[in-house]
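What follows draws every value from the coordinates through simple rules; no lab data is involved. As the structure is a prediction and not an experimental result, all values here were calculated from the model. In this analysis, Cβ positions are derived from the backbone assuming ideal geometry, glycine residues included, and neighbour counts consider all displayed protein chains.
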Amino acid sequence: MGQGRLAGEVVFVTGAAQGIGRAIAAVAAREGASVGLLDIDEEGGRATVAELAVDGVNAAFVRTDITDEAQVASAVSGLAGQLGAASVLVNNAGRNSYADPVAMTVKEWDDVFAVDLKGAWLMARAVLPAMIERRQGSIVNIASVHSKLTTQGMFPYAACKSGLVGMTRSLALDMAPHGIRVNAVSPGYVRTRLVDEYFALKDDPSVEQKVLDVHPLGRIGTPEEVAEVVCFLASSAASYVTGSEWNVDGGFGARFA
Ligand SMILES: NC(=O)c1ccc[n+]([C@@H]2O[C@H](COP(=O)([O-])OP(=O)(O)OC[C@H]3O[C@@H](n4cnc5c(N)ncnc54)[C@H](O)[C@@H]3O)[C@@H](O)[C@H]2O)c1
């Protein structure tokens, strides 16, 4: 390691046990970063670190529920002790929601927002003091095409992801005087557990083909294609980009009909 776009950086990634987060950790490592992984999935997190270690990557995992203030604080300081303070944070952990707006309970609402929005703030709050002290840092929040467009039956996922993009803008403005950039990446359909779960819920064998048909590029994206954009935005190659939201959606969000 030691060479690449993220050489010398310490990148913390939430939700890194699988899917897009795991790909972000792998691409960041390939680009020369040390990587700190956080996830509630202990087995997946440890397996990812073991895979990275085979390639000689400096990687560590801490089982963390990002909705828990104390766990976040302890994981961030534990990983900083092993790898150094985070110079990059990728807030990737997230979950879908398929609630009915009338039947949904307040607890269910709070649980969704805790993962998809509050957790990103808790993580940012934990890493920012060291970034502010060094006058350098970058945060990338993984939002979604749902920040601008949405679909029936996924209440209130779109509200969480719109909120995350709003928080990206607020943090970008408040942190700019400290030399810290904050951006969002909004994936469209990406082949992971979340998308498989969505297709399974639809109970319609043609749903996947219908999704493919509305994609200008004619296919669903890969986690690596999202990870490449995240790592570019995180790196100094994107030094003049802050407060922005980048779509990685195969052109899906540009389409009217
Ligand atoms: N897959 C897609 O098509 C798609 C599209 C748009 C946006 N996204 C967003 O990308 C991100 C990653 O999604 P994915 O498809 O890789 O999902 P995934 O389910 O494969 O991975 C999500 C990871 O987050 C972890 N996680 C969930 N709750 C957590 C918590 N409280 N604390 C710590 N970790 C937690 C899970 O254990 C899992 O490893 C999410 O924010 C999702 O909303 C995904």
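Both radii come from the Cα set of the chain: Rg as radius of gyration, Rh as Kirkwood radius; their ratio Rg/Rh reads 0.96.
In terms of the mean number of neighbouring beta-carbon atoms within 10 Å, the peptides 26-38, 176-188, 95-107 order highest first as 26-38, 176-188, 95-107. Take every Cα pair under 8 Å whose residues are at least 6 apart in sequence, average their separation, divide by the length of segment 114-257, and the relative contact order is 29 percent. Computed from backbone phi with θ = phi - 60° and the Karplus coefficients 6.51, -1.76 and 1.60, the 3J(HN,Hα) list for segment 96-105 is 7, 9, 10, 7, 8, x, 8, 7, 4, 8 Hz; x is used for glycine and proline.
Considering only GLY253, ALA124, GLY179, and ranking their Cα positions along the charge dipole of segment 112-257 that arises from unit charges at the beta-carbon of Lys, Arg, Asp and Glu, the one farthest toward the positive end is GLY179. The phi-based Karplus calculation (6.51 cos²θ - 1.76 cosθ + 1.60; θ = phi - 60°) puts the 3J(HN,Hα) values of segment 250-256 at x, x, 4, x, 8, 8, 9 Hz, whole numbers, x for Gly and Pro. Under 5 Å between amide hydrogens, built in the peptide plane, is the criterion, and for ASN247 it picks out SER186 among residues at least 5 positions away or on other chains. Bridgeable aspartates and glutamates around LYS107 (alpha carbons under 20 Å apart, same-chain partners fewer than 8 residues away excluded): ASP65, ASP68, GLU69, ASP116. SER235 sits among other residues whose Cβ lies under 14 Å from its own Cβ, and their net charge, with Lys and Arg +1 and Asp and Glu -1, is 0. Charge tally around ILE180: other residues with Cβ under 10 Å, Lys/Arg +1 each, Asp/Glu -1 each, net +2. All alpha carbon pair distances within segment 2-45 were sorted into 5 Å bins beginning at 0; the resulting P(r) in whole percents reads 6, 29, 30, 18, 12, 4, 0.
Note that segment 42-53 has calculated 3J(HN,Hα) couplings of 5, 5, x, x, 5, 5, 5, 4, 4, 4, 5, 5 Hz, one per residue in order, obtained from phi through the Karplus relation 6.51 cos²θ - 1.76 cosθ + 1.60 (θ = phi - 60°); glycine and proline are x.
Here the relative contact order of the chain, from alpha carbon pairs under 8 Å that lie six or more residues apart, stands at 19 percent.
Within the shell of other residues whose beta carbon sits under 15 angstrom from the beta carbon of PHE199, the net charge comes to -1, with Lys and Arg scored +1 and Asp and Glu -1. If you wrap the Cα atoms of segment 27-72 in a convex hull and average its projected area over all directions, you get 3.2 nm². Evaluated with a Cβ-only charge set (Lys, Arg +1; Asp, Glu -1), the chain carries a dipole of roughly 700 debye about its Cα centre, given to the nearest 20.
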